[in-house]
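Below: one structure, written as structure tokens.
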Amino acid sequence: MKPAAVPLGVVSFGLCAAWLPAQGPVLSTPGTATWETFDTPTGTKTVFTISDDTVFNWDTLNLDTGSELVFDFVGGESVTNYLGGSSTNFINGDVTSNGIVGFFSPHSDLIVNGNITAKGVTLSSLGADAIDFIDGGSLSLLAASATADVRIGGNIRATDGDVLIAGNLVSVKSGATIEATNRVMVAGGQEAVVAGSGDRRLSVIGDSGFVLLLGETRASRIEVSAGSEIINRGVLGEGNNRVFLEVNSDTGTITNESSGLIVNDAVFDGLFENGGILFGLHTDNAPSAVSDATLKIPTLKRPDGSRVSDSRTVSYSAPMNATGDAARDRKKPAKTVARRDTSNSILSRASFFGFRGGSAKGKKD
């Protein structure tokens, strides 16, 4: 059975009240779940046995360190948790599941300092419709409060799917990790849309919203989108992944700060400043330097006069290409508005800068 849409912030306290642990949820999809709470040496453990896609409403959620929530699916695939009230919701303990778990806190901050491991994980201070979330197609997320944020200080892992984190402000603290077998998508803004399929699935609508990344994020594809600003001081990516960073505002910025590391192919849509390291870019697509030399790169502009990069001098004594110079030339970070295709050298992508001739045969974003 598919549950009906549940209005955010509505809690039906009379339903299944006899089953509730202290401060536990209200089941809004009758017959889809039962649960029991046990005392443990470190706190409490609540085990939910879920027989179909399920929607819970929580007055508030404060999962203490040492306590556990277990969502055990014997049928269905997704559980939607709506967290009500105006007080901050905390997940400081452990959440585990063999299904897809979503926590939505549209009226207050959601702080996760514990560990969440599930097939797929969504953490949001933006509201969403239960049916859209459960169906797994296109998902629209909309702020109900202008100040509801998501802060991650623990470890989030999707074992067979995506991690989606969305809020007005999203921060991933130093020491935190986010990992997915498929995609990690991080949205900072008042409104976000996740497409059901496609190469680029995440987009933020509007010019407000901020994402700060201090921890480590690992997935086959990483998409970070914000209305105004993205700052990376952590590690984005591993292996043969793709990283997409996008801001919407004309004055919005993407900053990879001095400690920031972006691994493998990266695409930037917005004003980009790199003081960190872009690591693992292709190195097999440009002629080698035959001796120590200095290359003067002029200011490059598009046909409409907009600037692609500042002029700069690059010294080198090893094989180099245009896609690797960002990691070598970090003393004076350049601000660029560009979509980075790292599959071909600057010479073979000459038409990108408005010159006639040339061709680009690299991968598409």
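The values are calculated or read from the model by the stated rules, or taken from the named source; none is laboratory data. Nothing here was measured: the structure is a model prediction, and the numbers come from that model. Cβ placement follows ideal geometry from the backbone for every residue including glycine, while neighbour counts extend to all protein chains displayed. The protein model used for the area step is the full one, side chains on, heavy atoms only, and it has no ligands, DNA or RNA in it. Shrake-Rupley method; radii C 1.70, N 1.55, O 1.52, S 1.80 Å.
Observations
- Taking segment 108-179 as the region of interest, the strands (runs of 3 or more DSSP E) fully inside it that hold 2 or more residues being small (Gly, Ala, Ser) are 120-124, 163-167.
- Scope segment 86-120; condition open to solvent by less than 10 Å² (accessible area, probe 1.4 Å) and closer than 20 Å to Gly66 by Cα; matching residues: Asn89, Ile91, Gly93, Val95, Val101, Phe103, Leu110, Val112, Gly114, Ile116, Ala118
- Scanning segment 58-85 for residues that are touching a Leu at 6+ places or on another chain (Cβ under 9 Å), more than 17 Å from Thr37 (Cα to Cα) and crowded, with 17+ Cβ neighbours inside 10 Å turns up Asn81, Tyr82, Leu83, Gly84.
- Qualifying residue in segment 267-279 (condition: over 17 Å from the mean Cα position of the chain (by Cα), at pLDDT below 90 and within 15 Å of Ser225 (Cβ to Cβ)): no
- Filter result for Asp94 (charged (D, E, K, R) and out of contact with any helix residue (DSSP H, G or I) (no Cβ under 8 Å at 6 or more places or on another chain)): yes
- Pick from segment 214-230, criterion open to solvent by 40 Å² or more (accessible area, probe 1.4 Å) and among the small types (Gly, Ala, Ser), ranking: nearest to Val263 (Cα to Cα): Ser220
- Annotation: Trp35 fulfils all but one of (1) surrounded by 22 or more Cβ atoms within 10 Å (Cβ to Cβ); (2) in contact with a helix residue (DSSP H, G or I) (Cβ under 7 Å, 6 or more places away or on another chain); the unmet one is (1).
- Those residues of segment 239-258 which are acidic (Asp, Glu), closer than 11 Å to Ser228 by Cα and part of a loop (DSSP other than H, G, I, E, B), in sequence order: Asp250
- Within segment 180-213, the set of residues being assigned to a loop (DSSP other than H, G, I, E, B) and either out of contact with any strand residue (DSSP E or B) (no Cβ under 6 Å at 6 or more places or on another chain) or surrounded by fewer than 18 Cβ atoms within 10 Å (Cβ to Cβ) (or both) comprises Thr181, Asn182, Gln190, Ala195, Gly196, Ser197, Gly198, Asp199, Arg200, Gly206, Asp207, Ser208.
- Taken together, the residues in segment 120-137 that are within 16 Å of the chain's Cα centre (by Cα) and not hydrophobic (A, V, I, L, M, F, W, C) amount to 4.
- Among the candidates Asp135, Asp162, residue that is surrounded by fewer than 20 Cβ atoms within 10 Å (Cβ to Cβ) and under 26 Å from Ser51 (Cβ atoms): Asp135
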